[in-house]
Each structure stands twice: as structure tokens, then as C-alpha cells.
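Down below is the structure, laid out as C-alpha cells.
The values are calculated or read from the model by the stated rules, or taken from the named source; none is laboratory data. Please read all numbers here as calculations on a predicted model, not as lab measurements. Neighbour counts are summed over all protein chains in view; Cβ atoms, including those assigned to glycine, are modelled from backbone coordinates with ideal geometry. SASA here: full protein model, heavy atoms, side chains in, ligands and nucleic acids out. Shrake-Rupley method; radii C 1.70, N 1.55, O 1.52, S 1.80 Å.
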Amino acid sequence: MKYLQLIRFQNLLLLALMQWVMRYLFLTQSYIDLALTDINYLLLVVSTVCIAAGGAVMQHIVNQEEDEMIQPQKRVVGNTISEAAAYNWYIGLTIIGVGVGFYLSNVIYKPTFASLFILAATLLYVKATNLNRIPLVGTIISALLVAISILVIALFDVFPATDAVNKIRMGEAFGILIDYAVFGFLLVLVFELFSTLKNKENDDRLGNATVATRLGNTKTKIIIGVITLFLIVLILYYSKVFLFELTLVLCYLLLALVGPLLFFAIKLIGCNTTKEFKILERTLYFVILFSILSIAVIVYNLKNA
């Protein structure tokens with residue numbers, strides 16, 4: 001259990017689920033050519049999960065003093081796991097993730113694509129050690145890394161299999177993945193900004209510079225609310241332009257995404273207690289999960305329209 005806490009297993013499950021859904025409930029169901037075999041795609045998932053797990057370990061290592069002050073009973077590194085062991089885990093996971101990325105880049109004859117894995121590992125390290133002290137930068141990095149985890153699917157599984165014959169269909173699939181990467185970036189940006197709001201009291205005590213500690217509750221809520229409303233408008237626009245004839249999809253998006261986001265935006269205004277923050281945090285978790293599953297609903301509705 002302590003090692004699952006060390007790598008923040010629940011977040012890794014969501015990441016792996018997202019990549020599995022994109023491949024097996026979207027790309028393979030679209031009957032397009034794919035560059036990676038099932039084994040190689042599994043390695044792609046392993047690579048991204050290992051790099052993300054390494055970043056989580058480094059975050060635990062850096063936050064030892066903060067964890068001791070805020071939640072000593074939940075502290076992992078320096079308590080149930082030694083700092084030296086945690087560093088070994090970080091190094092091992094990162095080497096595996098980047099190494100597998102190098103292998104896959106050569107499999108698709110695009111060795112320069114390995115830079116994506118190096119970039120992701122570097123951003124996670126810098127975020128944990130430095131940039132999480134600079135308002136907004138660490139938040140943007142977290143959102144950007146989610147977008148990269150979707151982008152690698154397009155670059156490694158779709159792009160290398162594209163040729164003059166299938167470029168139109170492959171372009172459509174590539175474009176959908178990019179759309180999801182952008183949406184994922186914005187959704188995680190909202191989640192990370194909300195986390196700074198939820199943790200403002202502790203960050204004030206520790207002297208951490210976050211968006212909430214610098215701008216205050218009101219301005220931070222306005223920023224989160226504006227991005228949330230933009231997400232809602234984006235979903236509604238996308239539904240009207242591309243999905244208007246798919247009744248099941250429209251119902252799903254309204255009930256599973258638009259409704260919860262609207263609830264979140266409204267409740268955010270008066271959110272002040274720990275209980276209210278937990279409710280809104282769970283709401284965002286459900287929105288993230290339902291966003292991942294939405295592509296499967298779209299494919300199903302298209303096939304049974």
C-alpha cells in the first residue's frame with residue numbers, strides 16, 4: 001500500500017484508462033491503420049505511466065517537510081519509505097519510462113519523437129523541485145503533461161501509419177485526439193487551479209506562492225469560473241457542429257459533462273468549507289472520468305445510429 005501511495009496510484013489508473021480507451025474504444029473501432037502493435041502500445045502506456053509515477057515520487061521527496069507539518073499521518077517518504085529508497089524508485093521509473101520511449105521512437109522510425117518523453121520527465125522534475133513555487137507555472141505544467149499523454153497517441157499510433165491513400169481518415173482521427181488533448185489541458189487546468197484554492201490555507205502557512213495565495217480567493221474563483229464556462233461553451237459548440245444528430249451522445253454530454261461543470265461553477269461562488277471543497281473536487285474527478293469515456297459513447301452512437 002505504501003508504494004501505491006508513493007506513486008499516487010489512482011492518478012496513474014486514470015492515465016492508463018484514458019490511453020486504453022483512446023486506443024481500443026476509439027482508434028481500433030474506427031477501422032484505421034495503426035502504427036503500433038498491441039504489445040508496443042502497451043509499452044507506450046507503460047512508458048507514460050512510469051514517467052508520471054516518477055514525477056509523483058519526486059513530489060513526495062520534495063514535499064517531506066510540508067507533509068510532516070500538514071498531514072504527518074499520511075507522510076510516505078521519510079516515514080514508511082526512506083528518502084534513499086524513494087530516489088531509487090524515481091530514478092528507476094524515469095529510466096524505464098524514457099528508455100521505453102526511445103525504443104518506441106525507433107520502432108516507428110521517428111527517433112526525434114523520443115524528446116517528448118525527455119520533455120515530460122524534465123517538466124515533472126522541475127515542477128516538483130522549483131516551478132511549483134512560482135504561481136501558475138506548475139499548474140500549467142500539470143495540464144500540459146496531460147495534453148502530452150494524449151498527443152503521444154496521435155504521434156506514435158496514428159501519424160506514422162498515415163499515407164497518401166488514408167490521409168483524410170487518419171487526419172480526422174488525429175484531429176479528434178488533438179481536440180481531446182486541448183480539452184484535457186483546460187479541464188486539468190481548472191482542477192489544478194481549484195487545488196490551489198482548496199489548499200490556500202496550508203500554502204499560506206508554508207509560504208508557498210500559488211495563484212490562490214497571490215491573487216486571493218475571489219480573483220482565483222473568477223479565473224476558475226471563466227475557464228469552466230469556456231469549457232461548457234466549447235462542449236456545446238462541439239456538440240452543435242459535429243454531434244447534433246447523435247441523440248445518445250448529446251444526452252451523455254449534457255448529463256455527464258455540462259451539468260456537473262455548471263454545478264461546479266455555481267457552487268464555486270460560495271464554496272468556503274472543507275466539505276464543500278471535497279464535493280467540488282469529487283465533481284471534477286467525475287467530469288474527468290466521464291470525459292475519458294465520452295469518446296467510447298460517441299463511437300458507439302455512430303455505429304448504432
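For the chain, give the magnitude of the charge dipole about the Cα centre (Cβ charges: +1 Lys/Arg, -1 Asp/Glu; no others), in debye to the nearest 20. Value, rounded to 20: 500 debye. Would you compute, from DSSP H runs of 4+ residues alone, the mean residue ellipticity of the chain at 222 nm, taking -39500 (n - 2.57) per run and dividing by the full residue count, rounded to the nearest 500? One gets -25000 deg cm²/dmol as the mean residue ellipticity at 222 nm.
Rg of the Cα atoms in region 100-220, relative to 2.2 N^0.38 Å, amounts to 1.33. Full extension of the chain between Ala161 and Thr247 yields a length gain of 27.7 nm, computed as 0.36 nm times the residue separation minus the alpha carbon distance. A probe of 1.4 angstrom, applied to the heavy atoms of all protein chains, finds Tyr125 with accessible area near 100 square angstrom. If R0 is taken as 22 Å, the Cβ-Cβ distance between Ser82 and Thr129 corresponds to a FRET efficiency of 0.70.
Filter the chain for me: DSSP H helices, axial length by Cα at least 15 angstrom, mean Kyte-Doolittle hydropathy not below 1.6. List them by residue number. Span-like helices in the chain: 114-129, 137-153, 259-269.
Taking each residue as 0.36 nm, the span from Lys240 to Asn272 lengthens on full extension beyond its C-alpha to C-alpha distance by 8.0 nm. Summing Lys and Arg as +1 and Asp and Glu as -1 over all other residues whose Cβ lies under 13 Å from the Cβ of Ile279 gives a net charge of +3.
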